[in-house]
1. Tell me which of these residue 52 doesn't satisfy, since it passes every other one: (1) out of contact with any strand residue (DSSP E or B) (no Cβ under 7 Å at 6 or more places or on another chain); (2) part of a helix (DSSP H, G or I).
2. Kindly list the number of the only condition in (1) out of contact with any strand residue (DSSP E or B) (no Cβ under 9 Å at 6 or more places or on another chain); (2) touching a residue at least 24 places away in the same chain (Cβ under 8 Å) that fails for residue 423.
3. Does residue 376 satisfy the criteria of being under 27 Å from residue 167 (Cβ atoms), surrounded by fewer than 17 Cβ atoms within 10 Å (Cβ to Cβ) and modelled with pLDDT of 90 or more?
4. With respect to the numbered conditions (1) touching a helix residue (DSSP H, G or I) at 6+ places or on another chain (Cβ under 7 Å); (2) assigned to a helix (DSSP H, G or I), which one is the sole condition not fulfilled by residue 250?
5. For residue 175, work out the one condition from (1) touching a helix residue (DSSP H, G or I) at 6+ places or on another chain (Cβ under 7 Å); (2) free of Cβ contacts under 8 Å to residues at least 60 places away in the same chain it doesn't fulfil.
6. Please list, ordered by residue number, the strands (runs of 3 or more DSSP E) wholly in segment 318-436 having 2 or more residues that are under 17 Å from residue 517 (Cα atoms).
7. Here are some residues: 34, 49, 19. Which one is under 20 Å from residue 189 (Cβ atoms) and either surrounded by 11 or more Cβ atoms within 10 Å (Cβ to Cβ) or free of Cβ contacts under 8 Å to residues at least 24 places away in the same chain (or both)?
8. Determine whether segment 80-91 contains at least one residue that is in contact with a strand residue (DSSP E or B) (Cβ under 8 Å, 6 or more places away or on another chain), on the phi > 0 side of the Ramachandran plot and at pLDDT 80 or above.
């Protein structure tokens with residue numbers, strides 16, 4: 001269906017990828033992976049025709065219907081959320097207008113000749129067939145169902161799109177893509193800004209979807225559960241793997257080891273040939289043999305190894321031991337006006353607990369963390385932090401405290417005044433700030449880079465209590481793995497909210513579910529919680 005042949009793209013004088021060749025067949029679900037800046041979004045923009053490639057071809061049958069979801073949702077205002085979605089398919093809108101024209105002509109049938117009547121009826125039949133195949137007749141109900149699935153409840157379907165926040169506008173934009181039911185959906189980070197419940201709904205929808213999907217996402221579980229093929233952009237090359245993300249990781253390592261073995265054999269052969277040439281090049285009796293071997297070496301296709309991904313080993317300082325009772329909640333209540341978020345919550349968090357806070361969207365997970373961190377006052381009850389507890393807190397609002405005019409190194413230096421330059425550079429390298437990255441001004445960092453900078457600071461401050469609200473937001477898969485490994489080694493108490501299932505499964509040792517104004521404690525990991533709730537996530 002979609003054929004990419006020998007694609008090349010250069011950006012700012014550097015080759016992003018060259019010789020990119022792959023195809024996506026009807027109904028195939030394919031994941032696109034690669035480090036930040038490798039060109040994943042660029043591939044999408046070339047396929048949609050937004051930008052052109054330097055070389056190569058993109059082939060798509062003329063009748064193939066394609067839709068593209070990107071992080072750039074565009075302007076939305078003046079229409080209700082439902083109308084924005086319903087009118088997202090321009091072709092259905094045009095067909096509906098043409099059908100109305102035919103109906104108006106038929107209503108005035110007396111003015112039509114028999115031949116004109118037949119022509120109108122013939123055209124109307126074709127339009128109706130096309131309208132039906134595109135899902136025009138159940139468009140309104142389908143749009144309402146998708147909006148609700150994406151977390152926008154029926155009571156808000158009539159609300160002006162302009163009144164929704166950026167994250168909720170993303171959901172409307174996503175609904176506009178899904179409602180079209182095209183032959184091929186391109187999706188650039190569809191899980192950004194979605195909570196776990198919505199991710200699960202979207203995952204099921206995409207699993208059941210009969211069309212083809214080509215997507216990139218930072219949520220490895222989401223990709224694993226949907227995609228059966230993985231395409232990697234790395235080191236200016238595009239490589240296809242016939243399996244999901246877990247398969248890709250294992251197969252990539254196997255291929256790398258094979259390539260290293262081939263490279264080693266070739267290097268041994270080259271060394272022997274070059275040794276022969278150097279030894280006998282001055283002897284006339286061996287001139288023909290030397291010349292033959294020189295030509296042979298010139299024709300050899302040299303095997304290149306990809307640059308090794310540096311594995312920075314960084315040991316975080318062990319925080320001072322705090323009291324055994326870290327956080328005590330007694331009769332805790334929080335209300336915004338007449339809206340009670342939670343009521344009469346009581347719980348005791350012990351030293352070294354690693355607790356995942358879960359619950360449906362709007363249950364009050366983030367509000368609970370804010371109350372514990374004194375970011376907002378409780379309406380009633382109390383929070384008591386135990387003796388010798390040093391607390392670090394991360395939320396999306398933490399990014400706003402960074403000084404945009406400082407470099408990455410300067411920002412970290414301002415937080416770690418006693419640390420050596422070497423310590424700071426090693427710390428930043430552990431969180432993927434390497435080489436010239438440390439000299440980049442904070443204001444030019446992406447959301448993910450800012451998150452990494454804040455988290456690196458939190459983990460180096462000798463905090464013995466970390467409270468993290470969606471720490472994986474905006475982080476790519478590699479960055480999430482770096483954070484996960486650091487938190488596994490953290491010798492303190494951890495309370496966190498996340499919609500990343502891989503993160504939840506890997507880190508949680510207890511689960512606190514905020515539900516219907518109360519906290520339910522599950523004394524086991526995330527898998528234990530799911531089993532007790534009869535859920536499969």
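The values are calculated or read from the model by the stated rules, or taken from the named source; none is laboratory data. Not measured: the values here are computed from a predicted model. Here the Cβ is made from the backbone with ideal geometry for all residues, glycine too, and neighbour counts use every protein chain on show.
1. (2)
2. Here residue 423 clears every test but (2).
3. Numbers: under 27 Å from residue 167 (Cβ atoms): yes; surrounded by fewer than 17 Cβ atoms within 10 Å (Cβ to Cβ): yes; modelled with pLDDT of 90 or more: yes.
Yes, satisfied.
4. Of everything listed in (1) touching a helix residue (DSSP H, G or I) at 6+ places or on another chain (Cβ under 7 Å); (2) assigned to a helix (DSSP H, G or I), residue 250 misses just condition (1).
5. With (1) touching a helix residue (DSSP H, G or I) at 6+ places or on another chain (Cβ under 7 Å); (2) free of Cβ contacts under 8 Å to residues at least 60 places away in the same chain applied to residue 175, the lone miss is (2).
6. Values: elements: 325-336, 339-350, 354-358, 380-385, 391-394.
Once the strands (runs of 3 or more DSSP E) in segment 318-436 are filtered for at least 2 residues that are under 17 Å from residue 517 (Cα atoms), what remains is 325-336, 339-350, 354-358, 380-385.
7. Values: 49 fails: under 20 Å from residue 189 (Cβ atoms); 19 fails: under 20 Å from residue 189 (Cβ atoms).
Within the list 34, 49, 19, the selection yields 34.
8. no
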